[in-house]
Each structure stands twice: as C-alpha cells, then as structure tokens.
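These notes are about the structure you will find just below.
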Amino acid sequence: MPLNLRELSAKEDLLAPGHRLCAGCTESIVVRQVLLAIQEPVVVACATGCLEIGTSPFPFTSWRVPWIHVAFENAAAVISGVETAQRSLVRQGKLPDRPVRFLAFGGDGATYDIGLQWLSGALERGHHFTYICLNNEAYMNTGIQRSSATPRGGWTTTSPVGKVIPGKREPRKDITAIMAAHNIPYVAQATPHGWKDLMTKVRKAVAVDGPSFINVLSPCTRGWRHELDEGIELSKLAVDTCIWPLFEVESGVWKLSHRPSRKKPILEWIKSQGRFSHLLRPENQHLVEELQVEVDHDWEKLLRRCDAGGPL
Amino acid sequence: MEGMVEIRWHGRGGQGVVTASELLAEAALLEGKFFQALPEFGAERSGAPIRAYTRLGPEPIQIHYAIAEPDVLVILDPTLLDTPGLTQGLKPEGLILVNTTASPDQVRSLLGATAGAVYTLDASAIAQRAIGRPIPNVPLLGALLTLLPLVALPSLRESIQRRLQGRLSPAVVEGNLRALEEGAQAVRREQSPHNGIPSFREPSPAAVAQAAPVWSALDPGGVILRPGSSIDYETGSWRSERPVINWDRCTHCMLCWVYCPDSCFSVQGQRLVDLDYTHCKGCGICANQCPPKCIEMVPELVFQEG
C-alpha cells in the first residue's frame, strides 16, 4: 500500500479511542501512525509509562493487536521473549510461518534510563524487533521529573527553577547515537508532524533482518507547558530549529532525512514552551546563547557524519 | 459523626479541584478542627473529570473512603452538569454550588429533580479578573463559606496565603484573596428552592459499564480478550471546546485524521464523513493543522445552552 493518507485511511485503526491519554497528547498520534504504516500482523510490548497506563486501565484496552506489559525496564526483554517464542513455535510447526512484526514502545524514562541495559542486551542478541521511543523528554507519567532525555535548561519538578538553578544543568543524552553504536541494521529519528517520514522509517525498520530503533519526539502539553493544540506544530519546530534533526542510520550509513530550508534560531523553540520561560529572563540570556552553540555544534557533527556516511 | 460535613468536589484536572479540597481542610486545621482532604483520579490526564473530597468535623474522623453521600457538592466546571450520576448520594437537605454563568434555576432545569438547593457563581470570570486565569476554586470557596460557615473567612485567607506565598507572585496571592471576597459576595440562590427532593438521576448504562467488574466475572489472569474495548469508555466529556467542520471547505486531505490523538475522524471511501464527539477530547490539533482552516473550535457551553 503506498504511503498516501487517502489510501491509508481505508486501513483499520489499530488503536481504539477511549484511552485516557491527555487531550492533545502526541504519543497516541505516533502509535497510530506506526500501526498504520505496518502491513503485517503486529505484536506489541509496552514499557510502563503514560502510553501503557493511558491505553490499558483495567478492564479496558485500546489495543487491537496482541499487547503485553510487564514492567518499566523490560519492554525490550519481553518482546525478545515473544519473538523467540514465535520463532520456536514456527520451527515446531505449531504456528504458521508468516511474517509477524514485533514492536516495543517505551518513553524516554524507560528507554534512556531505566530500560537501557535491557534494550542494549536485546539489540546485541539480534532479536528481530523494532523499538520505538516516545520521547517527551521527562517522566511525565509520574508528574514531570527529569530524565536523561530532558534538555539542558528545561524545567521539571526535579530540575526546578530557582534563584540558583536555572532548570536542568546537564545536557541530554544522545541515545540515538548510542543505539547506532550497537551496529544494528536500522536506527532513525522522527516526529509525528512528519507522518510520511515516520511511516517510511517504520516500514524500513520492521523490514530489516534484525533489531531496529526509532526515536520519536513526542511533545507533552503538561510537561512542556504548551497549549493543547500545539503538539504537532512543536514537533515541526523542533526539526526547523535543529533541536530534533530527522535522520536515519542504515547499516551504519548516516543519512539526513530533511534539511530545514532556513534553520530557525533556538530562541523560537525556547519561547514556544513554558518549561523554558525562565530562560527568557535577562540574567539567563547567556544560557540561550550557550544552548544555541550546543545545537549548532550537534547539527554540524550530524552533517559531518551524514556527509562522511558514517560516525566520526 | 454528629456535626461532620462531607464535601464532594467535581472538576477537571488543572482547575484546582484538589487544591480547593485541601485549602478548606487547612483552614480547619488552623481552627483546631478535624479534617480530611482526599483526591480521587485514575489514569485520566489533564482535562479529565476528577473528584476530591473534604471532611470536616468536631472530633477525629475514623473513616477513610470516598464520600458517597455528600452534604455539599461543588461543581467547578459547568460542562460536567450533564454527567450521569453527578448528584448521586447528595443528602436531601444538601447544597449544590456550581461555577457557571447560568442562573440557579437554569442549573436546576439541567439537573432535573435532584436533592439539595442550587447556588451558582461565575467563579471563572471572577478569577479571570482577579488573577488573569479562569481558575475557579478560590471564588467558589468564598461562596461556600457564605452559604455554610464551615470555617471563618480569615482562616481560609490564611490557608490561601500559606499555600501560595513564595510560590506565586504577591500580585497573584493578593488577586486570589480578592477573588475569595468577591466569591463570598456574588453567590446566587434559586428563586424557588426545591428543598429536600430525595431523588437523583439513575446512572446511565454507559456509567454502569464503566464501573470495574467483580472478580468472579474476570478472565483468568485478568487478560482482556476484547480488542479495543476502550471504545466503550467515553472521553467526550473531557472536552471544553468542540471542533466543528465547515464541510463546504473541507478538501479531504486527511491531515486531521492522521493527526488526531483519539481516532475521532471517520472516513468512508477516502472521504471524511463524520467526527466522533463521544471520544473527542477537544484538543484542537485538527483545527490547528487543517490547511484550508475549515475546522473551528467552538466552546462546549454554546451547545449545552442550545
């Protein structure tokens, strides 16, 4: 099926409404796009987090695919087991031999922090699954605590803004590069705004022979302090400011997916969200300048990686 | 317990429901009274209906559960007025205080034959004027104390100051205190009070279906065998604004469909045909992203008032 919205709209929506995610949450938008892109049967494991809680309050489920949740840290381990069981049952002739796509969803808390070693292990073992990180840059499910995905200068309840501390002091972890360093067949970054880019990447990811990873920026109204209707708009602004570049790493070859026609200043990103409002105070102007330098540096590094076709 | 008063607060995440329940309890603490303040919400998020409870009494309170038969209902969001079972359990001599621009008699006609006397206050407008944001909790507390002197107004002023000072600017703290006074004065009563009609609307079949099943009805392991069963859970009540499509200008580009977090756009033969208001949470992403700008967000109250 071509990646065309009118064609795709004929497909059954595999995430039902009635879930309890916030109004304006972008996580369910990402999940819908992922499930619409995949053309084969799907099995999903979910890490603990907003998505898991919001789509499965007992006795309801929003999922129209086989779905399992075990704990916070082990979505990658659980889906490894499911994938292995399926392979074994096919070999024993107990299940038909047909392609099944195995997905794991985790937030940034589950992916960057709590589940990192389990994810790393599953990638190294080479299971045939796709891990999708719904990255909203903090622990939103438990009430906005900092994670290692929270950007420098970002307010959270555990990186508060006060007279001394201007939000989180440490830069975020580059987990996408860490995943690429596992030398798995496919790694990418995406956003829900770029639905076609995201769906193309999902199709590539599930088709490779081995593990794949996609990091999707997922704006959060509560944690980022933006209006309910701005999630998609912000996921585009993140790309335009080079805060969240779109790229993919196919068999170790880095490729830029989109180059903004005009790179917007980071100030536009900072002004768009309440979690950065303190950075607009005169005494914090130097931080804005430092953050711009960091973004420029990371962007140049990415361009060099992509030009060279591999990590530097 | 003799003299105990039970208050049930109904509102949405973000309106200060839990804070209101606690501010009143803290005022009681300052007066040496006994109290409880309990929030109740599940996995629901911002915008979802939530409840909170406050118990006040002259003696230690030995019960610790949700309030089923309240003396007072405070409704912080007028869009909740048609929620099934809203007034359930309210004592016949009870009191209903609603944040709304409508009159008490209009609210009465919305609620139907229900126990308790109805009072209204345009608390959102008072808060908007006083603090620049329509957070209705403090003006409603002022109104509540006018109707029932549960604690003295100065105690509540002090509990508000203690809670807000240092966290919010002095102007916002002052604004809240003004909102408290204004709420105390502006509360409106029913023209012909319905005293003690001990009946309330039965919960709808949907509300009954949404209650958790008993253990003996569960599948072994708690496995849920019906895919997508959350479709029975209606999230449309979370909405304060409704997207309305101007079909003449719709180009059926499907961007609203692919960007909807709640799968609310129905498509037939590659054309948009309908919008599912039983689940739409009113986030407005569709209106924000629509290229020909043919979706308008209309306040839900416009529809409630007909």
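The values are calculated or read from the model by the stated rules, or taken from the named source; none is laboratory data. Quick caveat: nothing in here was measured; it's all calculated off a predicted structure. Every residue, glycine as well, gets a Cβ built from its backbone with ideal geometry; the counts of neighbours run over all protein chains shown.
Just a few scattered comments:
- If only residues of region B:117-161 that are in contact with a Ser or Thr (Cβ under 7 Å, 6 or more places away or on another chain) and part of a loop (DSSP other than H, G, I, E, B) are counted, the one that is modelled with the lowest pLDDT is B:Pro134.
Matching residues to (1) modelled with pLDDT of 95 or more; (2) within 12 Å of another protein chain (Cβ to nearest Cβ):
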{"residue": "A:Glu7", "(1), (2)": "no, yes"}
{"residue": "A:Pro57", "(1), (2)": "no, yes"}
{"residue": "A:Val65", "(1), (2)": "yes, yes"}
{"residue": "A:Ala75", "(1), (2)": "yes, no"}
{"residue": "A:Gly93", "(1), (2)": "yes, no"}
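- Unique residue being crowded, with 17+ Cβ neighbours inside 10 Å, under 25 Å from B:Gly57 (Cβ atoms), assigned by TED's automatic domain parsing to the domain that holds B:Phe35 and in contact (Cβ under 8 Å) with a residue 40 or more places away in the chain when the list is B:Gly175, B:Gly183: B:Gly183
- Those helices (runs of 4 or more DSSP H) of region B:239-306 in which at least 3 residues are modelled with pLDDT of 95 or more and outside the structural domain of B:Gly14 (by TED's automatic domain parsing), considering only elements entirely within it, cover B:255-259, B:285-289.
- Residue match in region A:11-23 (condition: of a type in the set (A, V, I, L, M, F, W, C), within 7 Å of chain B (Cβ to nearest Cβ), in contact (Cβ under 8 Å) with a residue 24 or more places away in the chain and not in a loop (DSSP other than H, G, I, E, B)): yes
- When the criteria are applied in full, A:Leu35 fails the requirement of being out of contact with any Phe, Trp or Tyr (no Cβ under 8 Å at 6 or more places or on another chain), more than 10 Å from chain B (Cβ to nearest Cβ) and over 29 Å from A:His226 (Cα atoms).
- Scanning region B:226-238 for residues that are at the interface with chain A (Cβ under 7 Å from one of its Cβ atoms), assigned to a helix (DSSP H, G or I) and touching a residue at least 60 places away in the same chain (Cβ under 8 Å) yields one hit, B:Trp238.
- Filter result for the condition that a residue is on the phi > 0 side of the Ramachandran plot, surrounded by fewer than 24 Cβ atoms within 10 Å (Cβ to Cβ) and out of contact with any Leu (no Cβ under 9 Å at 6 or more places or on another chain), over A:Gly121, A:Gly126, A:Gly162: A:Gly126
- Of all residues in region B:64-121 being hydroxyl-bearing (Ser, Thr, Tyr) and within 16 Å of the chain's Cα centre (by Cα), the one that is surrounded by the most Cβ atoms within 10 Å (Cβ to Cβ): B:Thr120
- Subset of region B:259-277 (residues that are facing chain A (nearest Cβ under 8 Å) and either under 23 Å from the mean Cα position of the chain (by Cα) or not hydroxyl-bearing (Ser, Thr, Tyr) (or both)): B:Cys260, B:Pro261, B:Asp262, B:Cys264, B:Val267, B:Gln270, B:Asp276
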